[in-house]
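Read through the structure below, which is laid out as structure tokens, and then see the notes.
Every read-out reported here was derived from the displayed coordinates using simple, explicitly stated rules and does not represent laboratory data. Keep in mind that what you see is a predicted model, and the values were worked out from it rather than measured. Note that we place each Cβ from the backbone using ideal geometry, even for glycine, and neighbour counts take in every protein chain shown.
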Amino acid sequence: MEGRPLREECGVFGVFGVEKAAANVLVGLSALQHRGQEGCGVAVLEQTGRIAVRKGLGLVSQVFPRDAYREHAGCFAIGHVRYGTSGGGELDNVQPFVFHRNPYDFAVVHNGNIVNTEELKIELERMGTLFRSSSDSEILGHLVHVLSTGKEGLTAHSLKRALNLIDGAFSFLVLTPDRLYACRDKYGFRPLSIARLGDGFAVGSETCALHAIGAHGIRDILPGEVVEIGPHGIASSFFATEHRNALCAMEYIYFARPDSDIEGVNVHAYRVESGKILFRESPVEADMVFGVPDSGLSGAIGYSRASGLPLETGLIKNFYVGRTFIQPNQSLRMTGVRMKLTPVPSVVKGKRVVVLDDSIVRGTTSRQIVRMLRDAGAAEIHLRITSAPLRHPCYYGVDISTEAELISARMDVDGVCRYIGADSLAFLSEAGMLEAGRRTDLCMACFNGRYPTALYSHGED
Ligand code: SF4
């Protein structure tokens, strides 16, 4: 990904029925840090039956001291890492959200983006609801409250009724004094998995986080499924009768960690496969192949294996500079790329190189990379992208907000190639994106404009 300009909305993690649950949640959140760096928080059930929340702006290691929760014996906790594509970056929007309601508290964390937020907010405000944040994630808690009877509070029944009113992308965890609910939207946009941990359970956005705390017996939570974890074990049911397997393609291509498995496919293996298919679709005569670190590396392995071209290290990443997306304007962003990526002149000099990257957003970073490789003496530069051209906005929790920022929405492949200055450019086909994961369905709306949901107010001019 060029300069990581795309950002994922969030990661969620929860532990139920295991001592030192909050400390385990912090380990899980640290493993999910790539999904959000703006803020993070943990909600833990206290002995009093109250749910206490601690949250802040920044990385897990910045918000929580090393010994945070080390002595906290509580067995029930959920947590969240945030990059907000909906709502602002202020503390009010950092999750978990705790709802102090009769007869008991409950806490909510959310990964994704709700597309009918405006419609639901208008209705809830008409009924007297006061929102504390500008985040769409608060909606579930208010809906559940409105739909619950005073005596019972939140139940699986009221939760499912609320989920049925929400449209869009969501993986929710909901913690009550004696239950943890894990819910995935009926399209399955965002990944969510559950596993055994000691005598209890853990749930998380990615399996890498479940492995990090030693959980085992991992399985995906299915689109439209609600898993209720309680004192007597777990119960599975579905809130929606119709569901799809429209996982966000970008999870495989770019967002998820290579050591995570999503719906039976390892993310690294998906990327290797996409590199192989890309060679089959767009071969080129060259001397070597290498990837743009990090998410182009696995694709380069696949392209190298399929082509027989040697796999090299032609670009080095400096891990200790800030991410380019932090730079607020174009010229600073260009400087940022040079600080972050460096060609290896002794490797590329005089060589015809194939460079694998996962996507092209604005085109500015690819252009910089090509320029740097030419300056380092590369004879020919052939760019291969392990996804289709990005042409449409995303409404499901990834900050591709306008077509204007997408170079492939304005130019065809030849035009993009000329702009970035490569000798050739090719993208993976949509069929190749499906084939790499042995899938028949994925959300690919930012590539082809076919949105799995209605767009509500997002679709208006
Ligand atoms: S539109 Fe693109 S980024 Fe958004 S969920 Fe679909 S595939 Fe993912």
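Structure notes:
- Cα-based shape type of the range 381-461, given that a ≥ b ≥ c are square roots of the gyration tensor eigenvalues and the cut on a/c is 1.5: oblate
- Ranked by how many other beta carbons lie within 10 Å on average, peptides 444-452, 60-68 from highest: 444-452, 60-68
- Relative contact order computed over the range 160-271 (Cα-Cα under 8 Å; 6+ residues apart), in percent: 25
- Note on the chain: Lys pairs 8 or more places apart or on different chains, Cα atoms under 19 Å apart, count 6.
- 0 to 90° range, to nearest 10: angle between helix 297-307 axis and the chain longest Cα axis: 50
- Degrees, to the nearest 10: 330-340 long Cα axis against longest axis of the chain: 80
- Dipole of the range 30-188 [Lys/Arg +1, Asp/Glu -1 at C-beta], most positive-end residue of Tyr104, Ala73, Leu147: Ala73
- D (Stokes-Einstein, µm²/s), Kirkwood Cα radius, the chain, 1.306 mPa s at 10 °C: 70
- Rounded is the label for the range 10-244. Its Cα gyration tensor axes, ordered a ≥ b ≥ c, give a/c under 1.5.
- For the range 171-183, the Karplus equation 6.51 cos²θ - 1.76 cosθ + 1.60, evaluated at θ = phi - 60°, returns couplings of 10, 10, 10, 10, 10, 10, x, 9, 8, 10, 9, 10, 10 Hz by residue, with Gly and Pro reported as x.
- Cβ crowding within 10 Å averaged over residues, with 301-308, 279-286, 259-266, 245-252 ranked highest first: 245-252, 301-308, 259-266, 279-286
- When only alpha carbons are used to place a centre, the range 92-113 and the range 148-224 end up 14 Å from one another.
- Taking each DSSP H run with n ≥ 4 as -39500 (n - 2.57) and averaging over every residue of the chain yields -7500 deg cm²/dmol at 222 nm.
- DSSP-loop GluC sites (Glu not before Pro) across the range 10-114, with at most 10 other Cβ within 10 angstrom: Glu71
- Cα gyration tensor shape for the range 67-167, rounded if a/c is under 1.5, else prolate or oblate: oblate
- Cα long-axis angle, helix 156-165 against the chain (0 to 90 degrees, to the nearest 10): 50
- Within the range 59-168: Cβ-based charge dipole about Cα centre, in debye rounded to nearest 20 (Lys, Arg +1; Asp, Glu -1): 280
- Beta bridges by DSSP in the range 268-439, antiparallel share as percent, to the nearest 5: 15
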